Each structure stands twice: as C-alpha cells, then as structure tokens.
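Participant: Let me begin by handing over the structure; questions about it come next.
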Amino acid sequence: MSHYRRIACLSTEAVETLYLLGAEDRIAGISGFTVYPPEARRDKPKISGFSSGKLERILAVEPDLVIAFSDMQAELARELIKAGLEVHVFNQRTLAGILNMVSTLGALVDRSAEAAALSAKLAARIDEAREQAAPVSRRPGIYFEEWDEPLISGVGWVSELIVAAGGVDVFAETAHHASASERIIADPAEVVRRAPDIVVGSWCGKKFRPESLAERAGWEGIPALQNGHVLEIKSADILSPGPSAILRGLPQLQAAVARWRAAQ
C-alpha cells in the first residue's frame, strides 16, 4: 500500500492525472501553471512555477513525495532531494510516454486499476483518430509553432498527434529532440519552403498572434496563410504531456484537418 499522502505536483499533467484517477486528496500543492481541472486552481495551494520555484514554499506543504517533469526542473529537484524529500521526475516526450506516466502515477497512489482504465481510454481515443484518418489519401502539411522568438517547432507527442489527426508534420525530423533548443528553426524561410497547408500556433505561456505571421518575410505566400488555415491551440491543451494533449489537443487538430479537407 502506498504511503504517499501529501504529493507536491510541480507539473500540470501530474495534477490533471491524479484528479482523473480519483486521487486528488493526495495533492498537497500544485504548479501555478495548472489549468485542468479548474477546481485544482481553486482548491490547492500554488507552490511553484514551471522551471522556477522557492524551496521554502514547497517544503511548507510538507510533501512526502514531489512529482516533477524534465530537465527544466532538474535544479529544483536537486534542491528538494538535498532537503531530504523523495522526488520522482518524469520525462515523457511521446504518446507512449504519456500512457506510461499515467500507469506509473497510478501505481504510486494505489490507483493501478483506475490508471489502466484511463490509459486504455486515452489509447482508444488515439486509435479512433488514426482509424478515421486512415482512408484519406491526401494529408495536409501542418507546421506547429511552439515559440516565435526564435521559431521552435513541435515536440514529439505533438508530432504524433498531428499524424493521428490526419496531417503531416512538416518538421517531423526534429520532433524527437527533447530540448526546445534542438528544435529551433534557424531560418524562418524554411517554413515558407515547406509550404504548410495548416499552421498551428501554441506559444507556451503567451497568447498566439496569428496576424503577426503575415509580417514575416515571405510568409504571406504560405498556403495556410493564403487560405485562412491558421489557428491557435492553447498550450494547456496540447503542450502539457498528459491526458489533455489527447483529450483536448487531438480533437482540435482533427477539427483543423476537417476544415482544410472541406475547403478542398
């Protein structure tokens, strides 16, 4: 039986997953970037940012386990470990990794059955999208922009969701890189050359400004801009590597592909 009763969640997907598993009573504190579920922001103390956090604020909620994500939180995790806390750092960058994260969290809080059911639901949603997209012969090229200064293309799970939705990630060759710095598009004209049919903006932490794309040299000739297939997917819906990416991000990608097909 798990002895974890006070969990500090420094990443939003951990909060969302624990709520979906019915283990929200174990959460002692959350990331200030948490969006889902809305009641978490109302009911749980905010104890950190994403790559930043004050050790004292985290220690104040007296956690017996800290859940963190990625190398971006490595230094904070190090401080917490030195303070004597138990820390589990996830590093999922793929859809399979998201499902594994759900299973692992379930095991940590005695919710393995619930985690298996949630993983199955998420996997079924992905499979359903793939099956719906399978008969289509022509797929739209999709450029996913994670940041604008510099331009950063989509991470692994986003690229996989684009394919599941029926599109083609025009920067698929860089999606496997975990570090955003390795997904920088040094020459913005490269996006023009790849001529995406759909542009999806999801600027992590700030509002996407679609009108600014036309101000970039040569971008007015991109098919997506010419034909009005530019949209925002909120970062909370797709850039958090948890259930929301599948339950909220994937449907929005599918809708964008459906609109593009209807216009052909």
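The values are calculated or read from the model by the stated rules, or taken from the named source; none is laboratory data. For clarity, every value in this text was computed on a predicted model and none was experimentally measured. Note that each Cβ is placed from the backbone with ideal geometry, even for glycine, and that neighbours are counted across all protein chains shown. In case anyone asks, the SASA skips ligands and DNA or RNA and just uses the protein heavy atoms, side chains included. Shrake-Rupley method; radii C 1.70, N 1.55, O 1.52, S 1.80 Å.
Participant: Residues in the range 65-84: is at least one closer than 15 Å to Thr17 by Cα and touching a residue at least 60 places away in the same chain (Cβ under 8 Å)?
Facilitator: Yes, that holds for at least one residue.
Participant: Further question: Enumerate the helices (runs of 4 or more DSSP H) found wholly within the range 197-264, keeping only those where 2 or more residues are among the polar types (S, T, N, Q) and open to solvent by less than 60 Å² (accessible area, probe 1.4 Å).
Facilitator: Answer list for the range 197-264: 250-263.
Participant: Here's a follow-up. Does the range 76-88 include one or more residues that are over 21 Å from Gly205 (Cβ atoms), β-branched (Val, Ile, Thr) and open to solvent by less than 60 Å² (accessible area, probe 1.4 Å)?
Facilitator: Within the range 76-88, one or more residues are over 21 Å from Gly205 (Cβ atoms), β-branched (Val, Ile, Thr) and open to solvent by less than 60 Å² (accessible area, probe 1.4 Å).
Participant: Moving on. Just checking, how many residues over the range 178-196 are open to solvent by less than 60 Å² (accessible area, probe 1.4 Å) and modelled with pLDDT of 95 or more?
Facilitator: Selection size over the range 178-196: 9.
Participant: If you don't mind, another one. Of all residues in the range 91-102, how many are open to solvent by less than 70 Å² (accessible area, probe 1.4 Å) and touching a Ser or Thr at 6+ places or on another chain (Cβ under 6 Å)?
Facilitator: 2
Participant: Kindly check whether there is at least one residue in the range 82-98 that is modelled with pLDDT under 95, among the charged types (D, E, K, R) and within 25 Å of Ser181 (Cα to Cα).
Facilitator: Scanning the range 82-98, I find no residue that is modelled with pLDDT under 95, among the charged types (D, E, K, R) and within 25 Å of Ser181 (Cα to Cα), so the answer is no.
Participant: Tell me which residues, restricted to the range 18-29, are farther than 20 Å from Leu99 by Cβ and either under 17 Å from the mean Cα position of the chain (by Cα) or touching a residue at least 40 places away in the same chain (Cβ under 8 Å) (or both).
Facilitator: Within the range 18-29, just Arg26 meets the criteria.
Conditions (1) hydroxyl-bearing (Ser, Thr, Tyr); (2) at pLDDT below 95; (3) farther than 25 Å from Trp157 by Cβ; (4) exposed (fewer than 15 other Cβ atoms within 10 Å of the Cβ), marked per residue:
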site: Met1; (1), (2), (3), (4): no, yes, yes, yes
site: Ala8; (1), (2), (3), (4): no, no, no, no
site: Ala14; (1), (2), (3), (4): no, no, no, no
site: Tyr19; (1), (2), (3), (4): yes, no, no, no
site: Ile30; (1), (2), (3), (4): no, no, no, no
site: Ala40; (1), (2), (3), (4): no, no, no, no
site: Pro63; (1), (2), (3), (4): no, no, yes, no
site: Val66; (1), (2), (3), (4): no, no, no, no
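Participant: Filter the range 127-138 down to the residues that are open to solvent by 10 Å² or more (accessible area, probe 1.4 Å) and in contact with a helix residue (DSSP H, G or I) (Cβ under 8 Å, 6 or more places away or on another chain) and list them by number.
Facilitator: Arg130, Gln132, Val136
Participant: Continuing with the same structure: Mind listing whichever residues of the range 112-126 are among the hydroxyl-bearing types (Ser, Thr, Tyr) and open to solvent by less than 60 Å² (accessible area, probe 1.4 Å)?
Facilitator: Ser119
Participant: Could you grab me the full set of residues in the range 139-164 that are open to solvent by less than 30 Å² (accessible area, probe 1.4 Å) and out of contact with any Gly (no Cβ under 9 Å at 6 or more places or on another chain)?
Facilitator: Leu151, Ile152, Ser153, Gly154, Val155, Ser159, Ala164
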